[in-house]
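Would you mind keeping the following structure in view while I ask a few things?
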Amino acid sequence: GYCTNEVMGHSLVKEFITDDYKTAVQAVLDRALQGAETENFEFPLITKSGMHIEVLLNATARRDEQGCIIGVVGIGQDITARLAQENEYTKLIDTANAPIFGVDTQGKVNVWNQCAMQLVGYSSEDVMGKHLVQEFITDEYKAAVQSVLDQALCGEETANFEFPLITKGGVRLYVLLNATTRRNDRGNIIGMVGIGQDITGRLAQEREYSRLINTANAPIFGVDTQGRVNVWNQCAMRLVGYSADEVMGCSLVQEFITDDFKIAVQTVLDRALRGEETENFDFPLITKGGSRIEILLNATTRRDEQGNIIGVVGIGQDITARLAQERGYSKLIDSANAPIFGVDTQGRVNVWNQCAMRLVGYTIDEVMGKNLVQEFVTKEYRAAVR
């Protein structure tokens, strides 16, 4: 705001620098007058209207043609808006409802927001300047976390990395981390910022879920989006004979389903992977010993915490004995020495044994699905039979 005439010949430090920076700016000028130049020195200037502006200064010694120092030239940059933006960024980080921490290029903590403080128990003063990996990460995860930090410091960011943190009270927490490279205004890497999520409760819930699945008295298996087995409980192991180690990662359809049911089972899995669940689907499995067992399946879509489909879980029931009993029952009906027939809820024939065929003369093919009353009972008895 000052014109040339208003500043020429005036003392820069005494008349245009705020009191709290007078000594520091004078030191920079004095060093430059001794030939020691200064880069990237931040200081405030007061405008003619009384406003504070922040300047980033490179102070260079000015020399005459004989090389004698005759003054200082400062090349500055107005960083007022950038600092305001950084202050806002800092405020957003500090008040975020997720734990956020950062390290410099040496791995020493330089960002630690309130949520991180509440979660882990250490204050900013406890952690600032400390080495994150060496002082706050468990020994078995030190190498893995250091690798993530090193990658971020090389510009390679990492998403959804799980690792444990030990709280000030000695409690082990699990954090899901997104590690982001931090750069200055010139694009140079100056550190890493990690945005975390406390997944301790979720992991405990998943472990309980896994325990319940594993000890359930029904065969339960699961596949990922590629159809590869990733859940195989103890009941499935006892029923089919394969251990979890033998099936994990194998294609369920290609390796354990009979050829005549491969397409049907794959269709059920594909529908579940689109969110369309299936109930009471019958299909055969081949045991390790080569036996064929019949399973009644409910295929349920499996989702992650964001609701994304990540696979299918099937809860089964061994119906081998029941089907054998039903086949025996059907055989007894068919060979009985009395005419036996049956209808469904719509009155359509669905049972017609050999004795009924011999007695009435109609074959099974001729009566199945036909309305018994309308097609085979005389008119005067239709109402009574119905």
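The values are calculated or read from the model by the stated rules, or taken from the named source; none is laboratory data. Not measured: the values here are computed from a predicted model. Glycine gets a Cβ as well: all are built from the backbone with ideal geometry, and neighbour counts include every protein chain shown. These accessible areas exclude ligands, DNA and RNA; they are computed on the full protein's heavy atoms, side chains included. Shrake-Rupley method; radii C 1.70, N 1.55, O 1.52, S 1.80 Å.
Restricting attention to the range 187-241, report how many residues are closer than 18 Å to G311 by Cα, under 21 Å from the mean Cα position of the chain (by Cα) and among the β-branched types (V, I, T).
4
If the requirement is being within 19 Å of D185 (Cβ to Cβ) and among the aliphatic types (A, V, I, L, M), which of these qualifies: V111, V103? Steps first, please.
Numbers: V103 fails: within 19 Å of D185 (Cβ to Cβ).
Of the residues listed, the single one that is within 19 Å of D185 (Cβ to Cβ) and among the aliphatic types (A, V, I, L, M) is V111.
Do we have E305 as of a type in the set (D, E), modelled with pLDDT under 90 and not in a helix (DSSP H, G or I) here? So that I can check it myself, show each step before the final result.
Numbers: of a type in the set (D, E): yes; modelled with pLDDT under 90: yes; not in a helix (DSSP H, G or I): yes.
The answer is yes for E305.
Just need a number here: residues in the range 210-246 that are part of a helix (DSSP H, G or I) and either surrounded by 12 or more Cβ atoms within 10 Å (Cβ to Cβ) or touching a Cys at 6+ places or on another chain (Cβ under 9 Å) (or both).
Narrowing the range 210-246 to residues part of a helix (DSSP H, G or I): 210-215, 234-240, 244-246.
Filter once more, keeping what is either surrounded by 12 or more Cβ atoms within 10 Å (Cβ to Cβ) or touching a Cys at 6+ places or on another chain (Cβ under 9 Å) (or both): 210, 213-215, 234-237, 239-240, 244, 246.
Total meeting the criteria: 12.
Can you tell which of I295, I319, I310 is β-branched (V, I, T), under 30 Å from A218 (Cβ atoms), open to solvent by 30 Å² or more (accessible area, probe 1.4 Å) and in contact with an Asp or Glu (Cβ under 8 Å, 6 or more places away or on another chain)? First the steps, then the outcome.
Values: I295 fails: open to solvent by 30 Å² or more (accessible area, probe 1.4 Å); I319 fails: open to solvent by 30 Å² or more (accessible area, probe 1.4 Å).
Exactly one of I295, I319, I310 is β-branched (V, I, T), under 30 Å from A218 (Cβ atoms), open to solvent by 30 Å² or more (accessible area, probe 1.4 Å) and in contact with an Asp or Glu (Cβ under 8 Å, 6 or more places away or on another chain), namely I310.
Right, something else. As an exercise: evaluate F163 against (1) under 17 Å from T200 (Cβ atoms); (2) open to solvent by 50 Å² or more (accessible area, probe 1.4 Å); (3) at pLDDT below 90; (4) not in a loop (DSSP other than H, G, I, E, B) and give the number of the one condition it does not meet.
(2)
For the range 116-152, give me the residue count where each residue is assigned to a helix (DSSP H, G or I), in contact with a strand residue (DSSP E or B) (Cβ under 7 Å, 6 or more places away or on another chain) and open to solvent by 30 Å² or more (accessible area, probe 1.4 Å).
Let us first name the residues in the range 116-152 that are assigned to a helix (DSSP H, G or I), namely 116-120, 124-127, 132-136, 139-152.
Going one step further and asking which of them are in contact with a strand residue (DSSP E or B) (Cβ under 7 Å, 6 or more places away or on another chain), we end up with 116, 119-120, 124, 127, 132, 136, 141, 144-145, 148-149, 151-152.
With the extra rule that they be open to solvent by 30 Å² or more (accessible area, probe 1.4 Å), the set shrinks to 119, 124, 141, 144, 151.
So the count comes out to 5.
Looking at V73, V109, V103, V55 in this structure, which one is part of a strand (DSSP E or B) and open to solvent by 50 Å² or more (accessible area, probe 1.4 Å)?
Details: V109 fails: open to solvent by 50 Å² or more (accessible area, probe 1.4 Å); V103 fails: open to solvent by 50 Å² or more (accessible area, probe 1.4 Å); V55 fails: open to solvent by 50 Å² or more (accessible area, probe 1.4 Å).
After applying the criteria, what remains is V73.
Related question: Taking the residues in the range 76-100 that are of a type in the set (D, E) and under 29 Å from the mean Cα position of the chain (by Cα) as candidates, determine which candidate is surrounded by the most Cβ atoms within 10 Å (Cβ to Cβ). Walk me through it before giving the result.
Of all residues in the range 76-100, those of a type in the set (D, E) come to 78, 86, 88, 94.
Among the residues that remain, those that are also under 29 Å from the mean Cα position of the chain (by Cα) are: 88, 94.
Working: E88: 10, D94: 16.
Of everything passing the filter in the range 76-100, D94 is surrounded by the most Cβ atoms within 10 Å (Cβ to Cβ).
Looking at the range 217-232 only, could you name the residues that are without any contact (Cβ under 8 Å) to a residue 24 or more places away in the chain and either touching a Pro at 6+ places or on another chain (Cβ under 7 Å) or over 16 Å from G249 (Cβ atoms) (or both)?
Scanning the range 217-232 gives a single hit, N217.
May I ask you to verify whether L56 is out of contact with any Gly (no Cβ under 7 Å at 6 or more places or on another chain), closer than 18 Å to A81 by Cα and without any contact (Cβ under 8 Å) to a residue 40 or more places away in the chain? Before you say what the answer is, go through the steps one by one.
Values: out of contact with any Gly (no Cβ under 7 Å at 6 or more places or on another chain): no; closer than 18 Å to A81 by Cα: yes; without any contact (Cβ under 8 Å) to a residue 40 or more places away in the chain: yes.
No: the conditions fail for L56.
Considering only residues that are of a type outside the set (G, A, S) and either in contact with an Asp or Glu (Cβ under 6 Å, 6 or more places away or on another chain) or open to solvent by less than 80 Å² (accessible area, probe 1.4 Å) (or both), which ones fall in the range 58-70?
First, pick out the residues of the range 58-70 that are of a type outside the set (G, A, S): 58, 60, 62-66, 68-70.
Within the range 58-70, N58, T60, D64, C68, I69, I70 meet the criteria.
Report, ordered by the first and then the second residue, all pairs with beta carbons closer than 7 Å, sequence separation of six or more or different chains, a first member in the range 240-259 that is of a type outside the set (S, T, N, Q), and a second member that is assigned to a loop (DSSP other than H, G, I, E, B) and open to solvent by 50 Å² or more (accessible area, probe 1.4 Å).
Correct list of pairs: V240/K288; G241/K288; G241/G289; Y242/K288.
Right, here's the next one. Might you check whether a residue that is modelled with pLDDT of 90 or more and of a type in the set (V, I, T) occurs anywhere in the range 286-299?
No; the residues of the range 286-299 include none that is modelled with pLDDT of 90 or more and of a type in the set (V, I, T).
So which residues in the range 178-189 are more than 15 Å from T90 (Cα to Cα), in contact with a helix residue (DSSP H, G or I) (Cβ under 9 Å, 6 or more places away or on another chain) and not polar (S, T, N, Q), if there are any at all? If you could, list the steps in order and put the result at the bottom.
Of the range 178-189, the ones more than 15 Å from T90 (Cα to Cα) are 178-181, 185-189.
Subset that is in contact with a helix residue (DSSP H, G or I) (Cβ under 9 Å, 6 or more places away or on another chain): 179-181, 185, 189.
Matches in the range 178-189: A179, D185, I189.
Quickly run through the range 1-50 and pick out the residues that are open to solvent by 100 Å² or more (accessible area, probe 1.4 Å), within 17 Å of Q77 (Cβ to Cβ) and either touching a helix residue (DSSP H, G or I) at 6+ places or on another chain (Cβ under 7 Å) or assigned to a loop (DSSP other than H, G, I, E, B) (or both).
E37
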